[in-house]
Amino acid sequence: MARRGGTAQVGGLGIIAIVVVAYFLGVDVRPVLDELSRQQGGGTVQSTTELTEADRQAAEFVSVTLADTEEIWGRIFRAELGEAYSPPTLVLFKGMTQSPCATASAATGPFYCPVDRKIYLDTDFFVTLSRQLGAGGDFAAAYVVAHEVAHHVQDELGILGQANAARQRASQTDANAISVRIELQADCLSGIWAHQAEAVLGTIEPGDLKEALNAARKIGDDTLQRNAGRQPMPHTFTHGTSDQRERWFARGYQTGDINECDTFRADRL
């Protein structure tokens, strides 16, 4: 995935530089700094204190990716919907932090909280994605960020609120089925982001699409359950199968059309 100009490389950047970059690109890194402060016995973390290499890379990477999603969805909302797009804030944390939706930790994985309209992402997640889930590459990581941003897009469009209200009235099995449609639509919308990143920003490089499709496949419910030594149980699925996730991402990428992402009216997922 190509990096656009105007963003400093990680190099030897300290905390202050990362905070400045992240702040202006919509990433809240205070939970990371709070954790570092806690580890050092409290007090203010000085600029001479170094973040780990993984922390620095995560902060810069999500900042750049989030900025790209903001530009792309801003264009789409203006051109196709005649509306302004209000971007989310991405909260980068280390270990654990609190959100209005749930406690965020490495175990929960990245998630979007519609209560505060923020995305929560652990700095170690990209390592987990590559080493444990077998979905390496920067575009695989970008796909995950774009997928969570897509949940915010659903929220902006009023889709997420309606779907979550329907889930609360449904049985567990039916609520899971609605959740699958929410997640597959987010995969499709992240595919639209990839389409625009290639067509408008020119940041797609050879092999990037393959990384994203591989990531979608690696985090399918059936694959995750099978890798955990369990027999896949479709009635428990909440995100969709590997085939479904890959197919809906590809659909968004190939068409670039929001109308093609209506999973709620699709007869076949």
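Each value in this text was obtained by applying a stated rule to the coordinates, not by laboratory testing. All values reported here derive from a predicted model rather than from experimental measurement.
Table for the structure above
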| item | result |
| --- | --- |
| Candidate lysines - alpha carbon under 20 Å from LYS94, same-chain residues fewer than 8 apart omitted | LYS118 |
| Residues with amide H under 5 Å from that of VAL91, placed H, sequence gap 5 or more | ASP28, ILE119, TYR120, LEU121 |
| Estimated vicinal HN-Hα couplings, Hz - the stretch 193-208 in sequence order (Karplus 6.51, -1.76, 1.60; Gly, Pro = x) | 4, 5, 4, 6, 4, 6, 6, 9, 8, x, 9, 8, 10, x, x, 5 |
